[in-house]
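Okay, so here's the structure we're looking at.
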Amino acid sequence: MPKETRRNRARERSRETHPLRLRRVLTVLVVLGVVLGGGLGFAWWRLEGNIDRVSLGDALGEEDRPQKAEGPLNILLVGSDTREGQDLPGDTLTSGARSDTTLLAHLSADRERVTVVSIPRDSMVPMPPSCDLDTTKDLWRVQQVNSAFSMGGPACLVATLEADTGLFVDHVAIVDFSGFREMVDALGGVPVCTPVDIDDPKARLRLSAGRHTLDGTQALGWVRARYTLGDGSDLGRIERQQQFLASVVQEATRTSLLLRPDRLFGFLDAATQSLTTDEDLGLGQMKDIAQSVKDVGVDNVALVTVPVETYPADPNRVQWSAAAETLWQTLREDRSVTESEDAGEPTPQPSPTPLTVSPDDITVTVVNATGVDGLAAAAARALRVQGFARVTTSSVADRPDGVVVAHGPGAEEEARTVAAAFPDSGVEEDPTLGDHIRVTIGAGAASVVEVPNRLGSEPLPRSRVSAPPPSTTIKARTADEDICS
């Protein structure tokens, strides 16, 4: 066949089939559009279907509960070792489920701050015996907080925490650690930092000191490692978990996770498959909550641990300290746990009336009640430089807050001169004291300052030691801090 004839026939076939190819392309585009549009619905249906539900019964009773259309929001987050029993009708978590990690997330009313509180699982707190929620509170027994979940599920844990903190829990989300690995892998790994080598067979984790990007299996070991790190307490483990949460927040904000639908869906799919929530917390509510805090910067995400002290009846357990009530009150009043005035260097406090007793006429005993070695000696040196010639030191086992200047009967003026050297100190009379002044230095005490009627001009020596923070101080880190800090 001549070449020209073949070219003519090819052109004719092209003209004949062009409309067919165009229709095919349009059909594919239409189908693709339908599939993509329906894919969102399918994805939503799949993610919603992944989530298990648990009934809290009367734990979230409406009596005295504020309306939540506006205002702060408290979400209880529980890391559970198992989901046994969650496929039963009328679902409640039953025996075999343990709350390995308990967090309370507080979203401020203006949605400009998020505070995540870690509750040590070894905390001894009052709770209803056998998790009988009808038991009056005067009959509650002190028990380990994580036993509430294993005995009575989230309803018992909610009732316990609401009674012990004075905060209302609005929603509950329980994450099974079985899906934790997939969530981390979907993020592409999470960076962590360890100052020491880690070799923990129980956690199946081996790391050299320094920065590492952990995959899902390693990350699970990281947040669970306990017995071969530090003192083996739950507090050290919580610190690593908070570092991990901060790293996740940082990674989620600086990576392209939200711009990659495949990665985002993979993360959400893994997360929802290991998630159980209360009946009112569905995917739609989660989306609304996420949308409400989308503008919260990492510097406004605070991570804090409930302040604790040794439980007297069992040194292997802890109880909430006085600072815990400060924390709960701060959240009840919807205030920031990180806002504090920068004290800077202490400055002399002017006396309302002139000081009438010279420092060299006063005998002072400085008592160290902080447990910090050398604190009383440092204060004594700063007093002697100013003319307080008769200064002695001692220590006591009690651990009060602040500074108290005590005096005997008739020594009020001497006490005023001494108190001028200790900012924000309190003055009280002690009938047992003779002609000397006793200064008790407790937690939160500021360094000695110059008194208005000091003797000499030699500058005050700089102290190498300082008092620990007061027992009511809340220690918090923000999610933007360096993970190695």
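Based on this model, can you work out whether GLN218 counts as not small (Gly, Ala, Ser) and not in a helix (DSSP H, G or I)? Quick ask: steps written out before the conclusion?
On the way: not small (Gly, Ala, Ser): yes; not in a helix (DSSP H, G or I): no.
Judged against the criteria, GLN218 is not a match.
Which residues, taken from region 201-211, are closer than 21 Å to ALA246 by Cβ and without any contact (Cβ under 8 Å) to a residue 60 or more places away in the chain? Give the steps one after another, and end with the answer.
Of all residues in region 201-211, those closer than 21 Å to ALA246 by Cβ come to 203, 205, 207, 209-211.
Residues satisfying the conditions are ALA203, LEU205, LEU207, ALA209, GLY210.
Right, ASP100: in contact with a Phe, Trp or Tyr (Cβ under 8 Å, 6 or more places away or on another chain) and over 25 Å from PRO72 (Cα atoms) or not?
So ASP100 passes the test.
Does ARG381 qualify as being open to solvent by 70 Å² or more (accessible area, probe 1.4 Å), out of contact with any helix residue (DSSP H, G or I) (no Cβ under 6 Å at 6 or more places or on another chain), basic (Lys, Arg) and farther than 30 Å from ARG211 by Cα? Can you show your working first?
On the way: open to solvent by 70 Å² or more (accessible area, probe 1.4 Å): yes; out of contact with any helix residue (DSSP H, G or I) (no Cβ under 6 Å at 6 or more places or on another chain): yes; basic (Lys, Arg): yes; farther than 30 Å from ARG211 by Cα: yes.
Criteria met by ARG381.
Would you mention how many residues in region 277-287 are assigned to a helix (DSSP H, G or I) and within 17 Å of VAL172 (Cβ to Cβ)? Walk me through it before giving the result.
Taking region 277-287 first, the residues assigned to a helix (DSSP H, G or I) are 283-287.
With within 17 Å of VAL172 (Cβ to Cβ) added as a condition, the list becomes 283-286.
Final tally of qualifying residues: 4.
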What residue, among those in region 138-160 that are farther than 20 Å from ARG53 by Cβ and out of contact with any Ser or Thr (no Cβ under 8 Å at 6 or more places or on another chain), is least open to solvent (accessible area, probe 1.4 Å)? THR160
Please go through region 337-353 and pick out each residue that is within 25 Å of ASP435 (Cα to Cα) and either at pLDDT 90 or above or of a type in the set (Val, Ile, Thr) (or both). THR353
State all residues of region 288-329 that are within 16 Å of ARG111 (Cα to Cα) and part of a helix (DSSP H, G or I); if no residue qualifies, say none. ASP288, ILE289, ALA290, GLN291, SER292, VAL298, ASP299, ASN300
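Look at THR432 and say whether it is closer than 27 Å to THR356 by Cβ, out of contact with any Ser or Thr (no Cβ under 7 Å at 6 or more places or on another chain) and hydroxyl-bearing (Ser, Thr, Tyr).
Details: closer than 27 Å to THR356 by Cβ: yes; out of contact with any Ser or Thr (no Cβ under 7 Å at 6 or more places or on another chain): yes; hydroxyl-bearing (Ser, Thr, Tyr): yes.
When the stated conditions are applied, THR432 passes them.
For region 82-106, which positions are among the hydroxyl-bearing types (Ser, Thr, Tyr), part of a loop (DSSP other than H, G, I, E, B) and either open to solvent by less than 10 Å² (accessible area, probe 1.4 Å) or at pLDDT below 50 (or both)? Break it down stepwise before answering.
Going through region 82-106, the residues among the hydroxyl-bearing types (Ser, Thr, Tyr) turn out to be 82, 92, 94-95, 99, 101-102.
Right, trim to part of a loop (DSSP other than H, G, I, E, B) and you get 82, 92, 94-95.
Once the filter is applied, which keeps residues that are among the hydroxyl-bearing types (Ser, Thr, Tyr), part of a loop (DSSP other than H, G, I, E, B) and either open to solvent by less than 10 Å² (accessible area, probe 1.4 Å) or at pLDDT below 50 (or both), region 82-106 yields THR92, THR94, SER95.
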ALA109 passes all but one of (1) in a loop (DSSP other than H, G, I, E, B); (2) open to solvent by 60 Å² or more (accessible area, probe 1.4 Å); (3) at pLDDT 80 or above; which number fails? (2)
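Can you go through ASP334, ASP373 and tell me which one is among the charged types (D, E, K, R), open to solvent by less than 70 Å² (accessible area, probe 1.4 Å), at pLDDT 85 or above and assigned to a loop (DSSP other than H, G, I, E, B)?
Of the residues listed, the single one that is among the charged types (D, E, K, R), open to solvent by less than 70 Å² (accessible area, probe 1.4 Å), at pLDDT 85 or above and assigned to a loop (DSSP other than H, G, I, E, B) is ASP334.
Hey, among the residues in region 265-293 that are more than 25 Å from GLY153 (Cα to Cα) and among the aliphatic types (A, V, I, L, M), which one's surrounded by the fewest Cβ atoms within 10 Å (Cβ to Cβ)?
Going residue by residue through region 265-293, those that are more than 25 Å from GLY153 (Cα to Cα) are 265-267, 287-288, 290-293.
From the residues that got through so far, the ones that are among the aliphatic types (A, V, I, L, M) too are 290, 293.
Values: ALA290: 9, VAL293: 17.
If we take residues in region 265-293 being more than 25 Å from GLY153 (Cα to Cα) and among the aliphatic types (A, V, I, L, M), then ALA290 is surrounded by the fewest Cβ atoms within 10 Å (Cβ to Cβ).
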Would you mind stating whether VAL357 is in a loop (DSSP other than H, G, I, E, B), open to solvent by less than 70 Å² (accessible area, probe 1.4 Å) and over 22 Å from GLU413 (Cα atoms)? no
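Would it be correct to say that GLU429 is surrounded by 18 or more Cβ atoms within 10 Å (Cβ to Cβ) and in contact with a His (Cβ under 7 Å, 6 or more places away or on another chain)? If you could, list the steps in order and put the result at the bottom.
Numbers: surrounded by 18 or more Cβ atoms within 10 Å (Cβ to Cβ): no; in contact with a His (Cβ under 7 Å, 6 or more places away or on another chain): yes.
Taking the combined requirement at face value, the residue does not satisfy it.
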Reported set for region 298-309 where residues are open to solvent by 50 Å² or more (accessible area, probe 1.4 Å) and either modelled with pLDDT of 90 or more or closer than 12 Å to LEU235 by Cα (or both) is GLU309
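The values are calculated or read from the model by the stated rules, or taken from the named source; none is laboratory data. Owing to the predicted nature of the structure, the values given are computational and were not obtained by experimental measurement. With ideal geometry, Cβ positions are generated from the backbone for all residues, glycine too; neighbour counts draw on all protein chains shown. Accessible surface is based on the protein model in full, side chains and every heavy atom, while ligands, DNA and RNA are left aside. Shrake-Rupley method; radii C 1.70, N 1.55, O 1.52, S 1.80 Å.
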